[in-house]
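Enquirer: Take this structure, written in structure tokens, and hold onto it; I'll ask about it next.
Read-outs throughout are calculated quantities, based only on the coordinates presented, and are distinct from any laboratory measurement. All values reported here derive from a predicted model rather than from experimental measurement. So basically every Cβ, Gly included, is an ideal-geometry build from the backbone, and we count neighbours across all protein chains shown.
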Amino acid sequence: MKQVDIQHLLPLVEKPSRYIDHEINACRKDFAGNKIRMAFAFPDAYEIGISHLGLKILYSIVNSLPDLMADRVYLPWTDLADMMRAEKLKLFGWESRMPVDQFDLLGITLQSELTFSNVLETIDLSGLAIRSELRAETDPIVMAGGPCATNPLPLAPFVDVFYLGEAEEGIIEIAEILKEHSSKQERLRKFADMDSCYVPAMHQDGRIVHSSKFNGFHNSQLQHKPQLLSWQLATHNRYVAEIMRGCSRGCRFCHAGYFYRPVRERAPEAILQDLLTEVKASGWDEAGLVSLSSSDYSCIQELLLSLLFAVDTQKTHISLPSLRADSLSDPLVKAMQSLGREGLTIAPEAGSERLRKVINKNLSETEIMAGIETALRLGWQKIKLYFMLGLPTETEEDIDAIIELIDKINAIGKRRLQINVTLSPFVPKPFTPFQWCKMLEGEILLNRAWRVKNSCGKARNIKIKYHTTCLPAIV
Ligand code: SF4
């Protein structure tokens, strides 16, 4: 078995640091010395994939077990991919440098529908037939998981197995099947018996698949070593501590809110201990407490105060990205300020209270204003606002309501508050109450975004950003 050698190509590519491996805290388990090998692929550029917590968790679990090794795979940028194709080099595991087609399993995470074409590129660059039915018995099993696996049919011709739900426990069952059975057909049959797997070639007559939940989340600790530190700037260049899984709010458009049910909180002691170990071991200058709605974490104030006490905040900044305006209190805001946070993020999603009720974002204007006043009183000068365009039943009056809400916030901030507004198109997601609703045409979405920008975006303290990726025909 021969390693893939891309050394001679590195001086010719845009960012060689994407491909050099040997990151601090990499596991680097022996390929030949382990019975089962799994390649976990993030189907996008290295700097995006290296930040992904789910991949790090599975990588860490598998590498902590005997007889198993897990390697990481990212999609090379087009410059390297073109050169690899020209030299007939196959996609490889970052640590082992072994070609992906030598692994037992190629596990691909589906984080966004926008990466589906990258999934095909990952399979193709690995030298595997794109369609599952054309792949050989000796080829690795291509398994896909992550949030977008809930809508598997678009990728069903290309993926052997879809795993639905959280895989912290399921990955061990998967590894056992791979260990006990060597034939691909037998392995697929065993996967087909798992409650959380959908095997397109074996479940043609329809099947109910149960999304798996990680029951040990509350007390889960670091499984192996501290998190990987990349050599180059990653999209999220910080230690990530997951404090809560799921969200109790039930916004009707939100796939994550449904996919990660039920709400589970991690014990504050486990979070604190992991964070301190990580900061000490790796010297992170930023650590993020992440969840879908961090201010709903029931021990958030106690956790922030313990962090304030235990972490040298001059050296390590603690970030807390998602907050709800109606759960902001003076002590919480003060604790966040002491930890170095400079601004507030609010996601009203819709401008009018009527539309917020339709989408079940039960946030009243009074609550939004109260949250902003709390932030202003305590000296914050930056507000980020998130809205969606094209929500079901949205009319032009709802767009007027967005403009009015921004104006009111600007007025109470005495036109000195920095207001950054992001407008995102509504995209119907599977297994949400809005799954069958229509997505508005790009032109209408763009006109609505322009209307908000033209009305509010002229003020120097207001920045309006909107997505253009869903509007290819126009932009
Ligand atoms: S609060 Fe945020 S994460 Fe929770 S359901 Fe609503 S949109 Fe989703």
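Enquirer: Between their Cα atoms, which of LYS15/LYS280; LYS35/LYS184; LYS361/LYS429; LYS2/LYS90; LYS56/LYS429; LYS35/LYS213 are more than 23 Å away from each other?
Expert: Checking Cα-Cα distances, LYS15/LYS280; LYS56/LYS429; LYS35/LYS213 exceed 23 Å.
Enquirer: How many nm separate the modelled label positions at HIS22 and ASP82, each set 7 Å beyond the Cα in the direction of the Cβ?
Expert: 2.9 nm
Enquirer: With +1 on the Cβ of every Lys and Arg and -1 on the Cβ of every Asp and Glu, and nothing else charged, how large is the dipole of region 217-466 about its Cα centre, in debye rounded to the nearest 20?
Expert: 420 debye
Enquirer: Roughly what % of DSSP beta bridges within the chain run antiparallel, to the nearest 5?
Expert: Bridges in the chain are about 10 percent antiparallel.
Enquirer: Please give the contour-minus-distance gain from ASN447 to LYS357: 0.36 nm per residue of separation, less the Cα-Cα distance, rounded to one decimal in nm.
Expert: 30.0 nm
Enquirer: Now, a different point. Within region 366-387, list the residues whose amide N lies under 15 Å from a label point set 7 Å along Cα→Cβ of LYS463.
Expert: Within reach of a label on LYS463: 381-386.
Enquirer: Provide GLU137, GLU176 in ascending order of the number of other Cβ atoms located within 10 Å of each residue's Cβ, fewest first.
Expert: So the ranking, lowest neighbour count to highest, is GLU137, GLU176.
Enquirer: Moving on. Pull up all non-local amide H partners of LEU389: gap of 5 or more, or a different chain, and H-to-H distance under 5 Å with H placed in the peptide plane.
Expert: Amide H neighbours of LEU389: SER424, PHE426.
Enquirer: Still on this structure, please answer the following. Using 0.36 nm times the number of residues separating TYR386 and LEU120, minus their current alpha carbon distance, what extension gain do you get?
Expert: 92.5 nm
Enquirer: Would you compute, from DSSP H runs of 4+ residues alone, the mean residue ellipticity of the chain at 222 nm, taking -39500 (n - 2.57) per run and dividing by the full residue count, rounded to the nearest 500?
Expert: -9000 deg cm²/dmol
Enquirer: Can you work out the Karplus-derived ³J(HN,Hα) for every residue in region 178-190? Use 6.51 cos²θ - 1.76 cosθ + 1.60 with θ = phi - 60°, whole Hz, and x for glycine or proline.
Expert: With the stated coefficients, region 178-190 comes to 5, 6, 7, 10, 9, 7, 5, 4, 5, 4, 5, 4, 5 Hz.
Enquirer: Could you tell me which residue out of TYR297, ALA281, PRO425 lies farthest along the dipole of region 217-466 toward its positive end? Charges go on the beta carbon: Lys and Arg +1, Asp and Glu -1, centred on the Cα centre.
Expert: Of TYR297, ALA281, PRO425, it is PRO425.
Enquirer: Same structure again: Taking H placed 1.01 Å from N in the peptide plane, check which residues at least 5 places from TYR466 or on another chain put their amide H under 5 Å from its amide H.
Expert: Hits under the 5 Å cutoff: LEU423.
Enquirer: Assuming a ≥ b ≥ c are the square roots of the Cα gyration tensor eigenvalues, decide whether region 217-466 counts as rounded (a/c under 1.5), prolate (otherwise, with a/b larger than b/c) or oblate.
Expert: It is prolate, given that a/c is not under 1.5 and a/b is the larger ratio.
Enquirer: Amide H to amide H under 5 Å from ILE108: which residues, 5+ apart in sequence or cross-chain, H placed 1.01 Å off N in plane?
Expert: Long-range HN contacts for ILE108: ALA41, MET143, ALA144, GLY145.
Enquirer: Run the dipole for region 365-475 about the Cα centre, Lys and Arg Cβ at +1, Asp and Glu Cβ at -1, nothing else charged, and hand back the magnitude in debye, nearest 20.
Expert: 780 debye
Enquirer: Let me check against my output: what whole-number percent is the relative contact order of the chain, with C-alpha pairs under 8 Å and at least 6 apart?
Expert: 11 percent
Enquirer: I've got another one for you. Go through LEU308, MET369, PRO200 and say which Cα lies farthest out towards the positive end of the charge dipole of the chain; charges sit on Cβ, +1 for Lys and Arg, -1 for Asp and Glu.
Expert: Of the listed residues, the answer is MET369.
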